[in-house]
Amino acid sequence: MGEPTPAEKPILEMTGVGKVFPGVVALADVDLRLYPGEVHALMGENGAGKSTLIKVLTGVYGIDAGSIRLGGEDVRFTGPLQAQRAGISTVYQEVNLCPNLSVAENIFIGREPRRLGAIQWRRMRRRSAELLRGLDLDLDVTALLGSYSIAIQQMVAIARAVDISAKVLILDEPTSSLDASEVEQLFAVMRRLKREGLAIVFVSHFLDQVYDIADRMTVLRNGRRVGEYRVEELPQSQLVSKMIGKELAVLEELEEQQKPSTAALEQGQPVLAATGVARKGAIEPFSLTIHQGEVVGLAGLLGSGRTELARLMFAADKADQGTFSFGGDTVPMRGPRTAMEHGVAFSSENRRTEGVVGELTVRENIVLALQASRGWARPIPRGRQDELVAKYIKALDIRPANPDTQVRNLSGGNQQKVLLARWLITEPKLLIVDEPTRGIDVGAKAEIQRLLAQLSGDGMAVLFISAELEEVLRLSHKIAVLRDRRLVEQLDNTDDVDVDRILATIASGSATGEAS
């Protein structure tokens, strides 16, 4: 689609939209324009406001400021059903259909054609087949939806959305679980719908896909609109910079810290090596070796595959291919227990749902991993528990220092310290930490960064993930750069490596910063 002409009017206009939650400004003065027959990418990092904007548009949330116009008329939806009836359909990353029902039943669920109260099955199946053929799909509409791949289920969800007289179709991370051929199949459908005049909102963290399919994009950061751009007018490197922004506040305590020297690592032994490891729909084959005393930082945009790589290294997710070796010996990775037996610990980015157990005390949370490694039939004596817990409460300055306090009552920073203590008490050889400083105050952030540097200095290997590139540079000996779920480059953290160099590598997919 070319630049909109004066004769063309937006099918949707969101102007000056604001949304406030208690203590949080989620959206502030955000504008969004959608034109018929275009794919419009909504871009931004985690917390930028993309999901909130979609929920405001579809009536999940009311707006606190601004206006929404659909087809030239002011609208304000009180729920998703009202938005859907007005012509705004959404297909989410997790297909919200029923795999135990047939394809036809899923397309018409809740609006089955009836006569005298009875469902007209033949009519419903015929219409379902017609809709799918319109998307170049020839399916048995009587088969269970769950018998088809995720890609086909996505298409069924789109067919349902299109049949509800959609004017605007929102695709929220639709390619997250698709392989390359399935993505191309989806894009063919999107191009067909675009030619038919549908306005499509495309939310994705895959930059190559955005530049392949989108006509324009709106970039959000911290709940505000950075700008609206023609895709061909905004190079990927500039997009990355606009999404991430520059870190204005630096940690004073660590500002003067020099990059970690790699000299001491020359004699370090490999702790864990992954060779050709991959998981379908999660990350493409990668090879990565982490040495004793080495901090390897993972850099990339949200959705680039950082967490997926870390989970494979701990066997929290099982690899489809590749091998792992510990100290040079190849070992079948059957699950997290195998990793733990070889000295690997994993601190998840989601400390509330995959980390600390809020109903348990600080003591119970700290000894959890050590007790699991011993087996529940061999409980750790209470005296030994008290000794170990007191040691790590003091070492990490966990506050309050009362081990019988429920973890749910601690601040985010202190919860993160409890999670680190849980794994440090097992004396791991390799500590994997995913976003350990996210959402905590500056003081706690400085303490955790200092602790990781100290652990590395004492010989522990660390695999470190952070969305803050300055933090990755500050702590890492080596930086593995990921993009679109591929490990595209490994950089030694030398003097010529800076934030701009990493951004260029993320944007281009190569260490030279040249377009790939």
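Listing for the model above:
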| quantity | calculated |
| --- | --- |
| The range 279-316: number of residues that are farther than 24 Å from Val183 by Cα and either aromatic (Phe, Trp, Tyr) or outside any helix (DSSP H, G or I) (or both) | 16 |
| Helices (runs of 4 or more DSSP H) wholly inside the range 336-394 that include at least 2 residues being in the same structural domain as Val407 (by TED's automatic domain parsing) and at pLDDT below 85 | 368-374 |
| Residue within the range 137-144 that is of a type outside the set (A, V, I, L, M, F, W, C) and touching a residue at least 24 places away in the same chain (Cβ under 8 Å) present | yes |
| Any chance Leu452 is closer than 27 Å to Leu360 by Cα, assigned to a helix (DSSP H, G or I), modelled with pLDDT of 85 or more and of a type outside the set (D, E, K, R) | yes |
| From Leu424, Leu396, Leu360, Leu410, residue being surrounded by 20 or more Cβ atoms within 10 Å (Cβ to Cβ) and touching a strand residue (DSSP E or B) at 6+ places or on another chain (Cβ under 8 Å) | Leu424 |
| Residue, surrounded by the fewest Cβ atoms within 10 Å (Cβ to Cβ), within the range 488-509, restricted to residues that are in a strand (DSSP E or B) and among the charged types (D, E, K, R) | Asp492 |
| Residue in the range 74-82 that is in contact (Cβ under 8 Å) with a residue 24 or more places away in the chain and assigned by TED's automatic domain parsing to the domain that holds Val219 present | no |
| Flag for Arg191 being in contact with a helix residue (DSSP H, G or I) (Cβ under 9 Å, 6 or more places away or on another chain), surrounded by fewer than 19 Cβ atoms within 10 Å (Cβ to Cβ), of a type in the set (D, E, K, R) and under 27 Å from Arg127 (Cα atoms) | yes |
| Filter pass, Ser176 being in contact (Cβ under 8 Å) with a residue 60 or more places away in the chain, polar (S, T, N, Q) and crowded, with 22+ Cβ neighbours inside 10 Å | no |
| Criterion: of a type in the set (Val, Ile, Thr), modelled with pLDDT under 90 and either assigned by TED's automatic domain parsing to the domain that holds Leu53 or not in a helix (DSSP H, G or I) (or both) - qualifying residue of Val240, Val201 | Val240 |
| Of the criteria (1) at pLDDT 90 or above; (2) loosely packed, with under 13 Cβ neighbours inside 10 Å; (3) under 29 Å from the mean Cα position of the chain (by Cα), which one Lys429 fails | (2) |
| Qualifying residue in the range 212-231 (condition: farther than 23 Å from Val30 by Cβ, of a type outside the set (A, V, I, L, M) and in contact (Cβ under 8 Å) with a residue 24 or more places away in the chain) | yes |
| Flag if Asp397 is acidic (Asp, Glu) and either within 22 Å of Pro336 (Cβ to Cβ) or touching a residue at least 24 places away in the same chain (Cβ under 8 Å) (or both) | yes |
| Counted residues, the range 100-140 - those being within 19 Å of Ile164 (Cα to Cα), over 32 Å from the mean Cα position of the chain (by Cα) and of a type in the set (D, E, K, R) | 9 |
| Elements of type strands (runs of 3 or more DSSP E) contained in the range 37-153, each with 2 or more residues being modelled with pLDDT of 90 or more and over 30 Å from Leu239 (Cβ atoms) | 73-75 |
| Residue match in the range 435-443 (condition: at pLDDT below 85 and of a type in the set (Ser, Thr, Tyr)) | yes |
| Meets criteria (modelled with pLDDT under 85, of a type in the set (Gly, Ala, Ser), surrounded by 15 or more Cβ atoms within 10 Å (Cβ to Cβ) and out of contact with any Ser or Thr (no Cβ under 9 Å at 6 or more places or on another chain)) for Gly268 | yes |
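Residues checked against (1) in contact with a Ser or Thr (Cβ under 6 Å, 6 or more places away or on another chain); (2) over 30 Å from Asp208 (Cα atoms); (3) surrounded by 15 or more Cβ atoms within 10 Å (Cβ to Cβ):
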| residue | (1), (2), (3) |
| --- | --- |
| Met124 | no, yes, yes |
| Arg133 | no, no, no |
| Thr142 | yes, yes, no |
| Leu169 | yes, no, yes |
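The values are calculated or read from the model by the stated rules, or taken from the named source; none is laboratory data. Worth saying up front: this structure is predicted, and the values here are computed from it rather than measured. Cβ sites come from the backbone with ideal geometry, for glycine too, and all protein chains shown count toward neighbours.
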